[in-house]
Each structure stands twice: as C-alpha cells, then as structure tokens.
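Reviewing the structure listed below.
The values are calculated or read from the model by the stated rules, or taken from the named source; none is laboratory data. Note that the structure is predicted; figures quoted are calculated from it, not measured. Cβ atoms come from the backbone with ideal geometry, glycine included; neighbour counts cover every protein chain shown. We work out accessible area using only protein heavy atoms, side chains counted, and drop any ligands, DNA or RNA first. Shrake-Rupley method; radii C 1.70, N 1.55, O 1.52, S 1.80 Å.
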Amino acid sequence: MSNSKLDLNGQEYELPVIVGTEGETAVDVLKLRAKSGAITFDPGYGNTGSCASAITFIDGEKGILRYRGYPIEQVATAASFAEVCYLLVYGELPNRAEYEEFRDLLARHTLLHEDMKKFFEGYSTMAHPMAILSSMVGAVSTYYPSAESDEDLNLNIIRLLAKTSTIAAFSYKKSIGQPFVYPRNDLSYTENFLHMMFAVPAETYEVPPVLDRALNLLLILHADHEQNCSTSTVRMVGSSEASLFASISAGISALSGPLHGGANQKVIEMLEKIRQDGGDYQKYMDMAKDKSSGFRLMGFGHRVYKNFDPRATLLKEAADEVLEQLGVADPLLDIARNLEDTALKDDYFVERKLYPNVDFYSGIIYRAMSIPTEMFTVLFALGRLPGWIAHWKEMRSDPDGRIHRPRQVYVGETERDFVPFDKR
Ligand code: SDX
C-alpha cells in the first residue's frame, strides 16, 4: 500500500492509499482528524468511498457493471433472478442442487401470516404501493424474531425475499379491489409474482412465458448497483444493529424518491405528458436545459455512469422484443427514442454526460406487461432486494464495522447568550 501526502496549515500529513482489485484508488482518511484535526467535505458523497465491497463493480466511464465479477450482459441473458439472488447474497453461483434447494425454500416461504392481511384493510385504496411495501416489510419483523444465529439470519433472508413479492402483489390487488391471489409453490419466483398479480379467482391464469422472461430480465438488471442512495441507506440503518427487516424498510423508502427508484414512474408520466402535449419532445428538451423551468428529463443522467448505462442499453433492446412479442405498439416508446436521439446530439446533454439510465426504458416494458405505473418502483424494489440484503450482510460481517456517523462543517451562529422574552 502506498502513501499520499497532505499539506495542511503548514504541516505535512501522510495518508495511506488503498487500491481495489479493479485499480480504483482511494485516500484512506480514517486517521485524518486524529492527525490533523481536519475532516473531508463531500456533500452528496460523490467522491467518498463509504466501504470496501466485493459485491458489485461499476465503471461509470466504460459503462461496466458486474455482479460478483460476472458481466451484467451475460448474467441478464443466462441466469434466472433466483440464481442472481443466490449469487449476490452468498457470493457464488449455485450448483444445481444448491439452486433447487434455494428455489424451493423461496417458494415455501412466500405466504404471509394470515393476520397480516388485516394490515391491508387499514390502507386507503389510494395508498402508494411503495408506502405499503416499506411499512409491511417493517411489520413482517414483528412476526419473526431478530436473527441471533447465522441460521436464523439466513431464514430471515429467505423470508424477506419470498414474502416481499407477496406483499407487492397483495398491494396491487388491494388497489384494484380484487381478492388476494395466494402464492403457489409450483411456480418460480417470477411466475409466482405474475400469477399473484394477474390471476383472478374466476379463471385459470397461465403466466405467458414472454412476461416471465421480461420480468426475469427486469429484476436481474435492478438487482444491485453498489453504493446507490437506497443501498447506502440500508448500510447506514443496519450499522446501528437495527434488524434486517428495519434496514430494508428504510431502503425501500429511500428508493421511492423520484431522483432514485421513483424515476421510472416519473419517466412514464413525463412521456405521457409529452404525448398529450402533441408529442413535442423538443419543447421538453428545451425546458430540461432551462434551469428556471424546474423540469428535468427523467430517466436521464447518473452520478456514476458518465457514458452509457449498460442496463439502459439492454432494456432498450428488450423493449423492442417484448412489445413485438406482446403485439403492443406504444407511442411513448417512439417519444422516448426521439428524446434519446436528440439528447445524444445536444451539447447541453453531451457536455454534462447525460445519458439514459436504467429508468428510461424500464417503464415502457412494464406498461406493455400491464404493470400499473404506480407499481414500477415496487418492481425496482423487488429487483434490488437481493442487493440490499447482500450489502447488509457484508456490512454486518465486517469485523472492523462500526455505526455510520458522518461529521459536518458547522456554519451556524457562534456562541451567544440566551435572550429572555422581554428583551427580544
Ligand atoms: C437511479 O446511484 C445509482 O446507482 C442509482 C441507480 C441504481 O441502480 O440504484 O442507477 C438508479 O436512481 C437512476 C437515476 C434515476 N433518476 C433520474 O432519472 C432523475 C433525473 N436524473 C437526475 O436528477 C440526475 O441526473 C441524477 C439524480 C440521476 C444524478 O444527479 P447528480 O449526479 O447529483 O447530478 P447533478 O444533479 O449535479 O447534475 C449535473 C448537471 C446539472 O447541471 P449544471 O448544474 O452542471 O449546469 O446535469 C444536469 C444538472 O442540472 N442534469 C440534468 C439532468 N440530470 C442532471 N439536466 C436535465 N435533466 C436531467 N435529468
């Protein structure tokens, strides 16, 4: 390990340099304050590494994304979502026996405690399914004690992966006033979710393979993305030794924001608005470049990807295939393509390295699958769940781990005496 030198207030300090397995270089400031009294300042953490992690690697300049070393382009087309869950959470691809045991465990734990159905009675039909998901995941923890052993923790991980899809599907059924469809043990994770979403008691519903393949791809592409806002939230909450369920509930809330996972819903609402406004996408491009408009091109830009987002590339291809296989022609896809083509030639976007991100095309596919817009971010959460769990496990198994507690630079009033009412 080499060293860096910091010259501060006429003193020189040596700070260790850490280099990751992909050549990323970091200045280790663990002892900076103890040595110099100074801290680093990095609002939004754009230049700050919060941890060392072995789960996901992203190279934003080259558009590289790998889960445990496997390129997303290979994983997205060759794996099942259950395999990716296993890979992210346990670190290696499962062999056939490990996979079948894991898949059967997931199937067996999809049921919610019957009493949990009562929770749904309290939600208004207008309740956003992300709010339901976050609160219900927190509520699940009241049925299962905090894990004391690795075995208990692993069972809670299985419960969380399995039951979250049931909660999501039940929240959809609640919103349309239909009866809940119970999970089935003979279906895969993705088939089960689609069956719980779209089956109705009066008919037999066979999950169309094209929907199952599309959902599998979408969930895999969302499965992890290193230290994004919601994953960092899960690590932050978990660092206080809060339970896995409580930490994931917090991650769901962070994901719901429109600048993060909530963007996929906002993209469709934006495209719909452009369509209703006569399809004049250039008008909205101009608004996106005018700061005073307050309008942002949702689904564009990324803190890390300063070139293409490999997931957006895969989703753009998939959008064509899925819509064709479903026989769906969506005018919003044409608007999305026109926006992308225009932005890629526009100096404002080129200079700021703003490209379509994972949220730009995902909503087009969800729509073609008849997933309602308000459920888009819920599907993002279902996809991201194994990533959150993997990071929570990695953080909690760090022998040097400690509660996350950033510092600040205080810019408020200096000391002053209290003023009683009659002197104010
Ligand atoms: C996700 O971190 C992850 O990995 C996230 C994610 C994951 O898998 O977990 O990839 C998922 O959250 C994808 C991002 C979804 N959000 C959106 O699509 C919302 C629209 N995008 C932006 O709000 C924005 O690009 C962010 C939030 C994604 C990134 O914000 P940054 O890194 O803080 O960038 P910024 O706001 O500082 O923007 C830099 C410049 C600014 O202009 P200047 O001040 O330099 O003149 O680019 C402009 C911004 O105004 N800009 C945009 C824009 N995004 C940035 N201008 C118009 N439209 C946009 N979408």
Consider only pairs whose beta carbons are under 7 Å apart and that are at least six residues apart or on different chains; among these, list those whose first residue lies in region 294-305 and is aromatic (Phe, Trp, Tyr) and whose second residue is open to solvent by less than 50 Å² (accessible area, probe 1.4 Å) and within 6 Å of the ligand (Cβ to nearest atom).
Phe295/Ala288; Phe300/Leu354; Phe300/Asn357; Tyr305/Asn357
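Each row is one residue, and each column tells you yes or no for (1) of a type in the set (S, T, N, Q); (2) in a loop (DSSP other than H, G, I, E, B).
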| position | (1), (2) |
| --- | --- |
| Ala223 | no, yes |
| Met236 | no, no |
| Ala254 | no, no |
| Leu259 | no, yes |
| Asn264 | yes, no |
Within 11 Å of the ligand (Cβ to nearest atom), more than 27 Å from Pro71 (Cα to Cα) and part of a helix (DSSP H, G or I): is that true of Lys273 in this structure?
no
Take the residues of region 232-261 that are in contact (Cβ under 8 Å) with a residue 40 or more places away in the chain and near the ligand (Cβ under 7 Å from one of its atoms): which is farthest from Asp359 (Cα to Cα)?
Pro258
Entirely in region 79-194, the helices (runs of 4 or more DSSP H) that have 2 or more residues that are in the same structural domain as His391 (by TED's automatic domain parsing) and more than 29 Å from Met395 (Cβ to Cβ):
96-108, 117-122, 150-175
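Taking the conditions exactly as written (within 23 Å of the chain's Cα centre (by Cα) and modelled with pLDDT of 95 or more), does Ala97 satisfy them or not? Explain how you work it out, then say what you get.
Details: within 23 Å of the chain's Cα centre (by Cα): no; modelled with pLDDT of 95 or more: yes.
When the stated conditions are applied, Ala97 does not pass them.
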Does region 249-265 contain at least one residue that is surrounded by 17 or more Cβ atoms within 10 Å (Cβ to Cβ), in contact with a strand residue (DSSP E or B) (Cβ under 8 Å, 6 or more places away or on another chain) and of a type in the set (A, V, I, L, M)?
no
When you look at Arg184, is it open to solvent by 40 Å² or more (accessible area, probe 1.4 Å), at pLDDT 95 or above and charged (D, E, K, R), yes or no?
yes
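Restricting to region 1-37, name every residue that is assigned to a loop (DSSP other than H, G, I, E, B) and exposed (fewer than 14 other Cβ atoms within 10 Å of the Cβ). Steps first, please.
Taking region 1-37 and keeping what is assigned to a loop (DSSP other than H, G, I, E, B), we get 1-2, 9-10, 20-24, 28-31, 37.
Matches in region 1-37: Met1, Ser2, Asn9, Gly10, Gly20, Thr21, Glu22, Gly23, Glu24, Leu30, Lys31, Gly37.
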Among the aliphatic types (A, V, I, L, M) and in contact (Cβ under 8 Å) with a residue 60 or more places away in the chain: is that true of Ala318 in this structure?
yes
